[in-house]
1. List, please: which pairs have Cβ atoms under 6 Å, are six or more places apart or on different chains, and start with a residue in the range 38-51 that is under 21 Å from residue 10 (Cα atoms) and end with one that is of a type in the set (D, E, K, R)?
2. Which one of 86, 76 is of a type in the set (A, V, I, L, M) and either over 17 Å from residue 134 (Cα atoms) or in contact (Cβ under 8 Å) with a residue 60 or more places away in the chain (or both)?
3. What do you reckon, is residue 95 among the aromatic types (Phe, Trp, Tyr), open to solvent by 60 Å² or more (accessible area, probe 1.4 Å) and within 23 Å of residue 175 (Cβ to Cβ)?
4. Which one is farthest from residue 158 (Cα to Cα), of the residues in the range 95-140 that are in contact (Cβ under 8 Å) with a residue 40 or more places away in the chain and acidic (Asp, Glu)?
5. So which residues in the range 60-93 are outside any strand (DSSP E or B) and within 19 Å of residue 159 (Cα to Cα), if there are any at all?
6. Out of all the residues in the range 106-124, which are of a type in the set (Phe, Trp, Tyr) and either over 10 Å from the mean Cα position of the chain (by Cα) or open to solvent by 40 Å² or more (accessible area, probe 1.4 Å) (or both)?
7. Let me confirm something: among 127, 150, which residue is farther than 30 Å from residue 191 by Cα and open to solvent by less than 10 Å² (accessible area, probe 1.4 Å)?
8. Looking at the range 153-185 only, could you name the residues that are among the charged types (D, E, K, R), open to solvent by 60 Å² or more (accessible area, probe 1.4 Å) and outside any loop (DSSP other than H, G, I, E, B)?
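The values are calculated or read from the model by the stated rules, or taken from the named source; none is laboratory data. For clarity, every value in this text was computed on a predicted model and none was experimentally measured. As a convention, Cβ positions derive from the backbone with ideal geometry for all residues, glycine included, and neighbour counts pool all protein chains shown. We work out accessible area using only protein heavy atoms, side chains counted, and drop any ligands, DNA or RNA first. Shrake-Rupley method; radii C 1.70, N 1.55, O 1.52, S 1.80 Å.
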Amino acid sequence: MNFIRTEIEDVVIIEPKVHGDDRGYFVETFRADKLEEFLGYKISFCQDNESKSSKGVLRGLHYQLSPAAQTKLVRVIKGRVLDVAVDIRKGSPTFGKHVAVELTSENKRQLLVPRGFAHGFVVLEDDTVFAYKVDNYYSPENDRGIAFDDLDINIDWKIPHSELNLSAKDKVQPKLNEANDIFEYGVDYYA
């Protein structure tokens, strides 16, 4: 596996090695030992999630507060998405900045989105299947979000806003500067 730090160093692209021949392919999609060696800390994933969506569906930007904050390891099984991680750690040198990475069933890339980041994705191809691991269980009382169209974050979703399909919840999320519940930079949310 190849681990690549992005312009926000805590967000990591993972490129697994694909072994293919005329019969198909084999790929290790997760290795705790290699990931933890690269990161320098332990992650214990406890829940796997999967969604299927049509082109234009935008899910996000979501996060959970402590004590239910989540690290996510995301990938596409079928189709294509633009996956986005936004630094929402107040005081961070990259606060309000984002990383956007195209994940596809062909490139097999994954994105590690650590605690302290909001996460979202837009589907670029019909019938896309998106899967992710989390290291904390879903907690409705700790569920929060940030507006996908916050101009201060300025994400290019690659699809015109008029063609996006959002949940009722995601249409009314606050802008980052209006969000009351975000993270503090320098706090160890893994302790």
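1. Pairs found: 42/36; 43/135; 44/135; 45/133; 45/135.
2. Criteria check complete, one pass: 86.
3. It is true that residue 95 is among the aromatic types (Phe, Trp, Tyr), open to solvent by 60 Å² or more (accessible area, probe 1.4 Å) and within 23 Å of residue 175 (Cβ to Cβ).
4. Only one residue tops the list, namely 135.
5. Answer for the range 60-93, where residues must be outside any strand (DSSP E or B) and within 19 Å of residue 159 (Cα to Cα): just 79.
6. Result: no residue meets the conditions.
7. The conditions single out 150.
8. Result: 163, 171, 178, 184.
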